[in-house]
Amino acid sequence: MSGAPLVAVIGHQNVGKSTLVNRLVGRREAIAHETPGVTRDRLEMPVRWRGREFTVIDTGGLVSRPRGVEAVVARQALRAAEEADLILLMVDVQGGITAEDETLAERLRRSNRPVLVTANKVDGEAQEPLAAEFHGLGLGEPVPVSALHGRGTGELLDRIVDLIPDQAEPQVEDEARFSIVGRPNVGKSSLFNRLVREDRVVVHDEPGTTRDSVDSLVELDGRQVRFVDTAGFRRAGMTEGVEYYGLVRAIRAIDRAHVALLVIDATEGLTGEDKRVAARVWEAGRGLVVAMNKWDLVPSGERAERFVRLERQLRLFHGAPVLRISALTGAGVGRIAPALISVHEAWSRRVPTAEVNRVLEEATAAHPPPGGGRLLYATQVRASPPTFVLFGGRVPVPTYRRYLEGVLRDSFGLGGTPIRLVFRARRASGRAPGRARAGRRGGR
């Protein structure tokens with residue numbers, strides 16, 4: 001299961017973490033015992049559900065003032081939480097909210113990982129109301145389960161696969177990757193060569209991952225960035241013709257990059273082909289910066305109106321910086337690198353779950369969803385691009401979806417990057433016992 005998403009189970013001692021892990025795995029792997037502190041080592045085991053695979057991590061119990069071995073166990077557990085794609089905070093409904101729960105919840109509210117409060121020891125309907133107390137942890141709606149009897153574990157597994165990425169989210173390397181794309185003869189080669197002639201820039205060419213591809217590593221102010229597939233910009237005798245940098249090659253460069261710099265000819269305006277390339281960048285989940293090249297050739301009396309018209313045409317690509325430049329004279333070129341880096345930071349940004357819910361709660365209070373219903377809980381499940389899962393009622397109409405997307409974009413500085421919103425309807429609680437016990441390797 002190499003590359004499978006990681007789900008860490010954490011909580012204070014004797015809340016049933018190992019029992020739950022055994023239930024999810026479908027066999028007895030972790031040592032489960034009523035004596036506190038039995039689990040000390042970090043255990044990783046595969047789980048399969050609804051055709052999806054993930055790795056569950058069983059961790060040792062946390063205490064208020066750990067010393068000695070307990071301190072080592074705590075460090076291991078917290079490290080597992082930092083590495084995980086999803087965190088299950090395990091609590092005991094029979095004991096209520098403890099000081100350890102509150103301390104851990106406070107830490108997790110600052111985390112940029114999604115968290116599911118898993119309220120254990122709900123052995124029957126009589127205990128279900130006890131789970132509501134754990135709303136007070138500020139981490140969303142608790143999922144009531146009985147790890148011992150299997151009650152509610154089907155619902156928990158459904159929630160897990162809703163929140164984990166399709167595969168373990170790769171760490172976005174420190175080296176940002178940019179591509180320069182656009183129609184032939186808009187000035188891509190001239191712009192690239194102008195960029196790498198700027199002060200404090202060092203360029204190294206190295207083979208790329210595609211045939212005949214050469215990447216340029218650029219060191220700018222101590223930060224290394226990569227311009228992908230630049231062979232056609234720097235190789236003597238090569239031109240920008242369709243034969244070299246056609247649509248297929250542009251798509252390849254977009255897919256390899258984190259952020260694309262779309263170069264358009266300001267004297268011609270935004271063409272249909274420009275729009276198709278920009279749409280491909282957005283659909284691929286990449287950040288976008290637009291450079292209007294040859295701005296010096298636009299008559300001075302037409303510039304203000306033309307810039308407004310181009311910005312209006314590009315509104316579909318929310319917040320993408322639009323820069324007026326001249327690769328020939330160098331005017332405006334100095335603004336390109338900061339714009340690319342700023343969009344890259346937005347593209348790879350993670351927002352703490354508590355902040356996501358605060359912003360959406362205010363947004364839905366100001367403008368409730370049409371047709372009733374309400375959002376119960378939301379979390380960012382991945383970055384690159386930012387992707388959020390929202391739990392609640394029905395999937396909203398497109399206009400309200402765009403409203404929520406705009407709120408998130410403005411609140412967290414996500415201009416120039418696509419935002420993915422995934423809506424999950426709230427499932428009915430109280431699964432049939434037979435189905436609840438289906439949480440075993442091999443799925444249902």
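The values are calculated or read from the model by the stated rules, or taken from the named source; none is laboratory data. Fair warning: this is a prediction, and the values are worked out from it, not measured in the lab. All Cβ positions, glycine included, derive from the backbone under ideal geometry; neighbour counts span all protein chains shown.
From 141, 133, grab the single residue that is in a loop (DSSP other than H, G, I, E, B) and either more than 18 Å from residue 13 (Cα to Cα) or of a type in the set (A, V, I, L, M, F, W, C) (or both). Spell out the reasoning first.
On the way: 133 fails: in a loop (DSSP other than H, G, I, E, B).
Checking each option against the conditions leaves just 141.
Quick grid of which residues meet (1) surrounded by 14 or more Cβ atoms within 10 Å (Cβ to Cβ); (2) touching a Ser or Thr at 6+ places or on another chain (Cβ under 6 Å); (3) modelled with pLDDT of 95 or more:
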position	(1), (2), (3)
288	yes, no, yes
309	no, no, no
318	yes, no, no
337	yes, no, no
355	yes, no, no
369	yes, no, no
372	no, no, no
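Taking the range 83-112 only, how many residues are closer than 24 Å to residue 166 by Cβ and out of contact with any Asp or Glu (no Cβ under 7 Å at 6 or more places or on another chain)?
9
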Exercise. What are the pairs, 6+ residues apart or on separate chains, where a residue within the range 138-152 that is under 13 Å from residue 127 (Cβ atoms) and of a type in the set (Val, Ile, Thr) has its Cβ under 8 Å from a residue that is part of a strand (DSSP E or B) and modelled with pLDDT of 95 or more?
Worked result: 145/118; 145/119; 145/120
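Residue under question is residue 311, and the condition is that it be over 22 Å from residue 383 (Cα atoms) and outside any loop (DSSP other than H, G, I, E, B); does it hold?
Considered against the rule, which asks whether it is over 22 Å from residue 383 (Cα atoms) and outside any loop (DSSP other than H, G, I, E, B), residue 311 comes out as yes.
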Seminar exercise, completed: Pairing a residue in the range 4-28 that is farther than 17 Å from residue 115 by Cβ with any residue that is in a strand (DSSP E or B) and among the hydroxyl-bearing types (Ser, Thr, Tyr), where Cβ atoms lie under 8 Å and the two sit 6 or more apart in sequence or on different chains, gives 4/55
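Would you check if residue 117 is at pLDDT 90 or above, hydrophobic (A, V, I, L, M, F, W, C) and within 20 Å of residue 162 (Cα to Cα)? Show your work before the answer.
Numbers: at pLDDT 90 or above: yes; hydrophobic (A, V, I, L, M, F, W, C): yes; within 20 Å of residue 162 (Cα to Cα): yes.
In short, yes.
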For this session: Please verify whether the range 114-122 includes one or more residues that are surrounded by fewer than 18 Cβ atoms within 10 Å (Cβ to Cβ) and in contact (Cβ under 8 Å) with a residue 12 or more places away in the chain.
Result: no
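Residue by residue through the range 396-444, note down the ones that are of a type in the set (A, V, I, L, M), buried (at least 16 other Cβ atoms within 10 Å of the Cβ) and modelled with pLDDT under 85.
Within the range 396-444, the subset of a type in the set (A, V, I, L, M) is 397, 404, 407-408, 414, 419, 421-422, 425, 428, 432, 436, 438.
Pick out the ones that are also buried (at least 16 other Cβ atoms within 10 Å of the Cβ) and you get 404, 407-408, 414, 419, 421, 436, 438.
Answer for the range 396-444, where residues must be of a type in the set (A, V, I, L, M), buried (at least 16 other Cβ atoms within 10 Å of the Cβ) and modelled with pLDDT under 85: 436, 438.
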For this session: Count, please, the residues in the range 237-273 that happen to be modelled with pLDDT of 90 or more, of a type outside the set (Gly, Ala, Ser) and surrounded by 15 or more Cβ atoms within 10 Å (Cβ to Cβ).
Result: 9
Problem set entry | First in the range 174-189 and assigned by TED's automatic domain parsing to the domain that holds residue 343 and part of a helix (DSSP H, G or I), second anywhere and of a type in the set (Lys, Arg) and at pLDDT below 80, Cβ under 9 Å, 6 or more apart | 189/234
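Mind listing whichever residues of the range 99-128 are closer than 19 Å to residue 352 by Cβ and either of a type in the set (Phe, Trp, Tyr) or part of a strand (DSSP E or B) (or both)?
From the range 99-128, those closer than 19 Å to residue 352 by Cβ are 101-117; that's our starting set.
Selection gives 115, 116, 117.
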For this session: Would you mind stating whether residue 281 is outside any strand (DSSP E or B) and either of a type in the set (A, V, I, L, M, F, W, C) or not assigned by TED's automatic domain parsing to the domain that holds residue 309 (or both)?
Result: yes
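Being within 28 Å of the chain's Cα centre (by Cα), outside any helix (DSSP H, G or I) and modelled with pLDDT under 85: is that true of residue 229 here? Write out each step before concluding.
Working: within 28 Å of the chain's Cα centre (by Cα): yes; outside any helix (DSSP H, G or I): yes; modelled with pLDDT under 85: yes.
Here the answer is yes, as residue 229 does meet what is asked.
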Problem set entry | Test result for residue 99, closer than 11 Å to residue 10 by Cβ and of a type in the set (A, V, I, L, M) | no
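Tally the residues that are under 16 Å from residue 337 (Cα atoms), among the acidic types (Asp, Glu) and modelled with pLDDT of 90 or more, restricting the search to the range 155-181.
Initial filter on the range 155-181 (under 16 Å from residue 337 (Cα atoms)): 174-181.
Pick out the ones that are also among the acidic types (Asp, Glu) and you get 174-175.
Checking the rest, the ones that are also modelled with pLDDT of 90 or more come to none.
Matching residues across the range 155-181 total 0.
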